[in-house]
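In what follows, a structure is listed as structure tokens, so that the remarks can point back to it.
The values are calculated or read from the model by the stated rules, or taken from the named source; none is laboratory data. Given the structure is predicted, the values throughout are model-derived calculations rather than measurements. Positions of Cβ are generated from backbone atoms using ideal geometry, with glycine treated the same way; all protein chains shown enter the neighbour counts.
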Amino acid sequence: MSQFDVAVIGGSYAGMTAALQLARGRRKVLVVDAGQRRNRFATHAYGILGQDGRPPAEIAADGRAQLLRYPNVTCVEATVESIEKTADDFQLQTQQGEVYHASRVILATGVSDELPNIPGLRERWGRAVFHCPYCHGYELDEAPLGVLAVGEISMHQALILPDWGPTTFFINGAFEPSADQLRQLVQRNVTVERTPVEKITGGRAAANLQDGRIIELSGLFVATQLRHPHPLADQLGCAFEETPMGAVIQTDAMQATSIAGVFACGDSARAAGNVTFAMADGAMAGVAAHRSLMFEGLNI
């Protein structure tokens, strides 16, 4: 049995940033990570100050190396299978049977992306099919782009995307824009395509329509549904917040969840995430967890 001040579950950008704050606060920190970053499908990461255009795996590896320079940090490559709140602390058990105890927990477990069931879509995820134009739009060089509708949430993507290139909005039977929404799309010079998409082919993202037409695109954007691959927030009884992209762990301004002593950060606690947001939320979660330890019992 090992005892820690804080256990950070998930060691990607949010989790490592949270752990870094705690390490610098001279707390004993455990980071448990299975190595499944959400952006592992992307070859390069953009929009991160000081890291723009670097492979995301390199950014994560550098962060981990810097974090491990602190002797009060322990990193374990494992998956936490169960977590429970005991009378004194939190008990974590990994799939390998290891048991750890911590006074505080930070959930940085991330999410997985559920894509529409269209052939060719998942194979191009992170290479020619994206969710965020701020992350990938600039590199598409103002070439033809597309938005694949999954519901009304896709209107937002269709309206912002023309700043990165001429845009076709594939309604795909997901919803019907209102008269006001159609007016907005016209104002933004968005082409509305109602014929359903059968599959995505080509070196980039060619939309093959049911009527036989093929619309060549440099990139296709789609709003995914978020899925939580780990049940730990449920096991702890954390409240969730529903968003158009799926449920996220509910947190306050300090990244505290509805369960005392549990904090959450990164994509599992934010509907529209990117690396910069994840690191910012991680920093807040780490500082907040540290403060809760420092001021415990002081009625501050």
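Assigned by TED's automatic domain parsing to the domain that holds residue 46, assigned to a strand (DSSP E or B) and touching a helix residue (DSSP H, G or I) at 6+ places or on another chain (Cβ under 6 Å) - does that describe any residue in region 232-252?
The answer is yes, given that some residue of region 232-252 is assigned by TED's automatic domain parsing to the domain that holds residue 46, assigned to a strand (DSSP E or B) and touching a helix residue (DSSP H, G or I) at 6+ places or on another chain (Cβ under 6 Å).
Results for (1) surrounded by 14 or more Cβ atoms within 10 Å (Cβ to Cβ); (2) in the same structural domain as residue 275 (by TED's automatic domain parsing); (3) farther than 20 Å from residue 293 by Cα; (4) not polar (S, T, N, Q), shown as yes or no for each residue.
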site: 7; (1), (2), (3), (4): yes, yes, no, yes
site: 21; (1), (2), (3), (4): yes, yes, no, no
site: 25; (1), (2), (3), (4): yes, yes, no, yes
site: 40; (1), (2), (3), (4): no, yes, yes, yes
site: 47; (1), (2), (3), (4): yes, yes, yes, yes
site: 53; (1), (2), (3), (4): no, yes, yes, yes
site: 63; (1), (2), (3), (4): yes, yes, yes, yes
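Being acidic (Asp, Glu) and either under 19 Å from the mean Cα position of the chain (by Cα) or modelled with pLDDT under 95 (or both) is the filter here, so list the residues in region 1-52 that pass it.
Selection gives 33, 52.
Return yes or no: is residue 147 touching a Leu at 6+ places or on another chain (Cβ under 7 Å), crowded, with 20+ Cβ neighbours inside 10 Å and either among the hydroxyl-bearing types (Ser, Thr, Tyr) or closer than 24 Å to residue 46 by Cβ (or both)?
Spelling it out, residue 147 is indeed touching a Leu at 6+ places or on another chain (Cβ under 7 Å), crowded, with 20+ Cβ neighbours inside 10 Å and either among the hydroxyl-bearing types (Ser, Thr, Tyr) or closer than 24 Å to residue 46 by Cβ (or both).
Run residue 220 past the list (1) in contact with a strand residue (DSSP E or B) (Cβ under 6 Å, 6 or more places away or on another chain); (2) more than 25 Å from residue 83 (Cα to Cα); (3) of a type in the set (A, V, I, L, M); (4) in a helix (DSSP H, G or I) and report the number of the one that doesn't hold.
(4)
Regarding region 51-60, can at least one residue be identified that is over 20 Å from residue 130 (Cβ atoms), hydrophobic (A, V, I, L, M, F, W, C) and out of contact with any Lys or Arg (no Cβ under 9 Å at 6 or more places or on another chain)?
No.
Working only within region 188-204, note down all residues that are in contact with a Ser or Thr (Cβ under 8 Å, 6 or more places away or on another chain), assigned to a loop (DSSP other than H, G, I, E, B) and at pLDDT 95 or above.
188, 189, 190
Rundown of residues vs (1) aromatic (Phe, Trp, Tyr); (2) touching a Lys or Arg at 6+ places or on another chain (Cβ under 7 Å); (3) surrounded by 19 or more Cβ atoms within 10 Å (Cβ to Cβ), yes/no style:
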| site | (1), (2), (3) |
| --- | --- |
| 164 | yes, no, yes |
| 188 | no, no, no |
| 203 | no, no, no |
| 209 | no, no, no |
| 212 | no, no, no |
| 232 | no, no, yes |
| 236 | no, yes, yes |
| 252 | no, no, no |
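I need a count of the residues in region 8-49 that are closer than 26 Å to residue 128 by Cα, outside any loop (DSSP other than H, G, I, E, B) and in contact with an Asp or Glu (Cβ under 7 Å, 6 or more places away or on another chain).
Residues in region 8-49 being closer than 26 Å to residue 128 by Cα, outside any loop (DSSP other than H, G, I, E, B) and in contact with an Asp or Glu (Cβ under 7 Å, 6 or more places away or on another chain): 2 in total.
What pairs come up if the first residue lies in region 93-113 and is over 24 Å from residue 273 (Cα atoms) and among the β-branched types (Val, Ile, Thr), the second is part of a strand (DSSP E or B) and modelled with pLDDT under 90, and their beta carbons are under 9 Å apart, counting only those six or more places apart or on different chains?
Between residues of region 93-113 that are over 24 Å from residue 273 (Cα atoms) and among the β-branched types (Val, Ile, Thr) and residues that are part of a strand (DSSP E or B) and modelled with pLDDT under 90, the close pairs are 99/2.
Within the bounds of region 121-136, is there any residue that is assigned to a strand (DSSP E or B) and surrounded by fewer than 19 Cβ atoms within 10 Å (Cβ to Cβ)?
yes
For region 267-300, name all the residues that are of a type in the set (Lys, Arg) and assigned to a helix (DSSP H, G or I).
Correct list: 291 only.
Considering only residues that are under 11 Å from the mean Cα position of the chain (by Cα) and over 15 Å from residue 245 (Cβ atoms), look in region 255-275 and name the one that is modelled with the highest pLDDT.
265
Taking the options 240, 175, 170, name whichever one is surrounded by 13 or more Cβ atoms within 10 Å (Cβ to Cβ) and within 24 Å of the chain's Cα centre (by Cα).
So the residue among 240, 175, 170 that is surrounded by 13 or more Cβ atoms within 10 Å (Cβ to Cβ) and within 24 Å of the chain's Cα centre (by Cα) is 240.
Scan region 74-97 for residues that are surrounded by 15 or more Cβ atoms within 10 Å (Cβ to Cβ) and of a type in the set (Asp, Glu) and report the count.
Residues that pass the stated criteria total 2.
For region 256-273, enumerate the residues that are surrounded by fewer than 21 Cβ atoms within 10 Å (Cβ to Cβ) and either of a type in the set (S, T, N, Q) or more than 23 Å from residue 49 (Cβ to Cβ) (or both). Break it down stepwise before answering.
First, pick out the residues of region 256-273 that are surrounded by fewer than 21 Cβ atoms within 10 Å (Cβ to Cβ): 256, 258-261, 271-272.
Correct list: 256, 258, 259, 260, 261.
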